[in-house]
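Notes to accompany the following structure.
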Amino acid sequence: MSVLFDSDALQRLHAQEEWMAEHGGDLHGYVRHYGSGFDDVHHGDGGELIYEADYQELERRRRALAREGA
């Protein structure tokens, strides 16, 4: 028996993964890309906050897909 799931949910998950990869991939990459409010070396101040927001969206999309049984 195959599990049916919302292919749109899977596409949204992959889109978020791609977005994060393009914008730094991990916290250190986001700080390099957006800067840091805690590090004078990196111009800007949003890296940590933007990463956290993007990561929480990624987790939300993963949970949505898991609820569907994919």
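The values are calculated or read from the model by the stated rules, or taken from the named source; none is laboratory data. Since the structure is predicted, the reported quantities are computational estimates derived from the model, not experimental observations. We place every Cβ from the backbone using ideal geometry, glycine too, and count neighbours over all the protein chains shown.
What the table shows:
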quantity: Selection within region 31-70 - among the β-branched types (Val, Ile, Thr) and surrounded by 15 or more Cβ atoms within 10 Å (Cβ to Cβ); calculated: 31, 50
quantity: Test result for residue 28, in a helix (DSSP H, G or I) and surrounded by fewer than 16 Cβ atoms within 10 Å (Cβ to Cβ); calculated: yes
quantity: Among (1) modelled with pLDDT of 90 or more; (2) part of a loop (DSSP other than H, G, I, E, B); (3) surrounded by fewer than 11 Cβ atoms within 10 Å (Cβ to Cβ), the one test that residue 18 misses; calculated: (2)
quantity: Filter result for residue 53 (assigned to a helix (DSSP H, G or I) and free of Cβ contacts under 8 Å to residues at least 60 places away in the same chain); calculated: yes
quantity: Hey, residue 37 modelled with pLDDT of 90 or more and not hydrophobic (A, V, I, L, M, F, W, C) or not; calculated: no
quantity: Residue check, residue 48 at pLDDT below 95, part of a helix (DSSP H, G or I) and in contact with a Leu (Cβ under 9 Å, 6 or more places away or on another chain); calculated: yes
quantity: Counted residues, region 51-66 - those being of a type outside the set (D, E, K, R) and either in contact with an Asp or Glu (Cβ under 6 Å, 6 or more places away or on another chain) or at pLDDT 95 or above (or both); calculated: 5
